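Trainee: My questions all concern the structure below.
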């Protein structure tokens, strides 16, 4: 017996491109990618703020199945990465499988299949859904009194408005993570004044962010691609950083400025929010309902939880690529996505041969994984009481706590005792799960 599963991948960023490529390479032909944006690229499509640069060296931020040794810069800009992702889409023949401007409003599991409804009313039906919606997706807008009364432009870094004039303006940048540093570095070149509001002091180190990649490096990586695996590093990086730094808490925003706790009024023409993302939302705000109508908002009331980054109890035939616990500072996201996609493909193989109609991870297996992951996180700096965007509402650290070898091993095995299976024919006869 052989059947071809209908698969919908939601998101056309790094995770979605990887998933679609791996599934098609493994022989699955009925694959559709739904992307809510007007172009593919994920975070590299939505983010286009001045100074946008990847904080990982270019030769490490790429797919293993689509190497690019000839990057223009040592640290690629956002537009360069977006162009690379779209070149890969075309080279792999994925363009025809992507539906753009296809925002998913709901995904509901019923009678053994998924019904996916778009905001424009279109409906897709699938046997499997893969959530590749990413982590840095939904902008975090701070709740500052009076922010809505400001008469000048208020722009979030992840939704930059290209029509906004920055030359000669007095600009506030709120947030001192890597995005804030990059914005200040870019905007200070033409702004009249930059005031950088920093709630928490940051370490800023110089890096060759705007240096061209030497021809020798390009030649070596072209001839010896394996060399790039020894280059991995991450920085909070900047060059040319010049601004007035204010670490006094913001009290309120007025129509023409910001007032800080010390009573100082900072007159401004523009406010830029470099305040990050609601990192634990993942596929929200879509209405996602699984077995017996269970909602993702209920299952994740205390924060996201998934088995080995890839499966959620209560949601049969649904997987996540770069889902909960996938962020990492030491393992390539592209590598993680590819290993996860191979894991998903293994389940599709078994569905195709008729082993089961639905597969769903158990609560027990998910709880055991999270308990072990949290325990492994205890010795790390992330669990020592410092605040960060990795912390869930329950206080868990939403990061991958293990090394690359452990990740590879976990995603290479299928533990049937960690899943529950159903077969339609058997259910009809006995009413029980297999």
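Trainee: Select, from 407, 399, the only residue that is touching a helix residue (DSSP H, G or I) at 6+ places or on another chain (Cβ under 7 Å), part of a loop (DSSP other than H, G, I, E, B), assigned by TED's automatic domain parsing to the domain that holds residue 14 and touching a residue at least 12 places away in the same chain (Cβ under 8 Å).
Mentor: None of the others qualify; the one that does is 399.
Trainee: What number of residues in segment 1-48 are more than 20 Å from residue 87 (Cα to Cα) and in contact with a strand residue (DSSP E or B) (Cβ under 8 Å, 6 or more places away or on another chain)?
Mentor: Total meeting the criteria: 6.
Yes or no, residue by residue, for (1) in the same structural domain as residue 337 (by TED's automatic domain parsing); (2) within 18 Å of residue 162 (Cα to Cα); (3) surrounded by 20 or more Cβ atoms within 10 Å (Cβ to Cβ):
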{"residue": "34", "(1), (2), (3)": "yes, no, yes"}
{"residue": "44", "(1), (2), (3)": "no, yes, yes"}
{"residue": "48", "(1), (2), (3)": "no, yes, no"}
{"residue": "53", "(1), (2), (3)": "no, yes, yes"}
{"residue": "57", "(1), (2), (3)": "no, no, yes"}
{"residue": "63", "(1), (2), (3)": "no, no, yes"}
{"residue": "69", "(1), (2), (3)": "no, no, no"}
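Trainee: Kindly establish whether residue 351 is in a strand (DSSP E or B) and closer than 20 Å to residue 107 by Cβ.
Mentor: No.
Trainee: In segment 1-27, how many residues are closer than 27 Å to residue 119 by Cβ and surrounded by fewer than 21 Cβ atoms within 10 Å (Cβ to Cβ)?
Mentor: Counting residues in segment 1-27 that are closer than 27 Å to residue 119 by Cβ and surrounded by fewer than 21 Cβ atoms within 10 Å (Cβ to Cβ) gives 3.
Trainee: Looking at residue 112, is it in contact with a helix residue (DSSP H, G or I) (Cβ under 8 Å, 6 or more places away or on another chain) and farther than 30 Å from residue 269 by Cα?
Mentor: In short, yes.
Trainee: Among 198, 157, 176, which is the only one that is touching a helix residue (DSSP H, G or I) at 6+ places or on another chain (Cβ under 7 Å) and over 29 Å from residue 319 (Cα atoms)?
Mentor: Going through 198, 157, 176 in turn, just one is touching a helix residue (DSSP H, G or I) at 6+ places or on another chain (Cβ under 7 Å) and over 29 Å from residue 319 (Cα atoms): 157.
Trainee: How many residues are assigned to a loop (DSSP other than H, G, I, E, B) and out of contact with any helix residue (DSSP H, G or I) (no Cβ under 6 Å at 6 or more places or on another chain) when one looks only at segment 14-27?
Mentor: Total satisfying the criteria: 1.
Trainee: Another question, then. Can you tell me how many residues in segment 193-218 are in contact with a strand residue (DSSP E or B) (Cβ under 7 Å, 6 or more places away or on another chain) and under 25 Å from residue 249 (Cβ atoms)?
Mentor: 7
Trainee: Output yes when any residue across segment 327-342 is closer than 30 Å to residue 201 by Cβ and not in a loop (DSSP other than H, G, I, E, B), and no when none is.
Mentor: yes
Trainee: Scan segment 249-278 for residues that are farther than 19 Å from residue 151 by Cβ, surrounded by fewer than 13 Cβ atoms within 10 Å (Cβ to Cβ) and touching a residue at least 24 places away in the same chain (Cβ under 8 Å) and jot them down.
Mentor: 249
Trainee: Separate question: Restricting attention to segment 260-272, does a residue exist that is assigned by TED's automatic domain parsing to the domain that holds residue 167, modelled with pLDDT of 95 or more, under 29 Å from residue 396 (Cα atoms) and assigned to a strand (DSSP E or B)?
Mentor: Within segment 260-272, not a single residue is assigned by TED's automatic domain parsing to the domain that holds residue 167, modelled with pLDDT of 95 or more, under 29 Å from residue 396 (Cα atoms) and assigned to a strand (DSSP E or B).
The values are calculated or read from the model by the stated rules, or taken from the named source; none is laboratory data. Note that this is a predicted model, so its numbers are computed, not measured. No Cβ is skipped: glycine too gets one built from the backbone with ideal geometry, and neighbour counts run over all protein chains shown.
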